[in-house]
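What follows draws every value from the coordinates through simple rules; no lab data is involved. Please read all numbers here as calculations on a predicted model, not as lab measurements. Reconstructed Cβ throughout: ideal geometry from the backbone, glycine too, with neighbour counts over all protein chains shown.
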Amino acid sequence: MHFFLSHWAWLVMALPLFCACSSHPAKTIENLKNMVASEQNAAVRYRAFSIQAREEGFHNIANLLVAIARSEEIHAEYQRKVLAEYGEDVSMPVDSVPEVGSTLENLKNSLRVEEYESQTVFPIFMQVAANERMSEAEQFFQWVAAVANRHAEYCRKALGKLEKEGDDRNVVNSWSVCPRCGCPYTTVSLDEACDVCQMEASAFFLFQQ
Ligand SMILES: [Zn+2]
């Protein structure tokens, strides 16, 4: 986890090198490439956390973590699509074995990462994409900042229940994930649409016990 944070910190420090007069969106492409690796690793990490939660008997939290893993995969898939359009190599192997602690520790670490991404990393990437006039990527970074904020909110709530009650019986057990922006929802009606990207809810992925 510490590696993850220092990895992002390096990226943020590198951003001022961006040249606004460039016609090639070099920094945004670099940011997308780094994000593919990061989001792939996040998906692997959340799936490992989900297995751990299930082993501890926390099946509702396990379902939440699987939904968040799918969310991260959707982001990586989108990034690969955009990078391919620019002729970039998108074959990036997952390069880390996740550190898995107790579910309590895993939720705390996830909360810290999601807050950092939503409040610091993605808003900067969004501004860089705007400066490079890469409007599709700008919108995408806006979406992933909102989605990371939602991940943080759900991790915070699950963590609160676990700390207070010692189990996850009051954590929601049914989750939906928007296939366009990856936003997870606790409950969703087929009449509704994603409030981040307006995708129709009938297309959502469903995760439940
Ligand atoms: Zn959406």
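Points to keep in mind about this one:
- Footprinting exposure proxy for Glu153, Glu165, Glu114 (fewest neighbouring C-beta atoms within 10 Å first): Glu165, Glu153, Glu114
- Among residues other than Val66 with Cβ under 10 Å from its Cβ, the summed charge is +3 (Lys and Arg +1, Asp and Glu -1).
- Proxy reagent accessibility, fewest Cβ within 10 Å first, across His59, His75, His151, His24: His24, His59, His75, His151
- Packing-based order for 177-183, 130-136, 83-89, using average beta carbon neighbours within 10 Å, highest first: 177-183, 130-136, 83-89
- Placing a pseudo-label 7 Å from each Cα along the Cα-to-Cβ vector at Asn173 and Asp89 gives an inter-label distance of 4.7 nm.
- Net lengthening on full extension, Ile51/Gln198 (0.36 nm per residue, minus Cα-Cα): 49.8 nm
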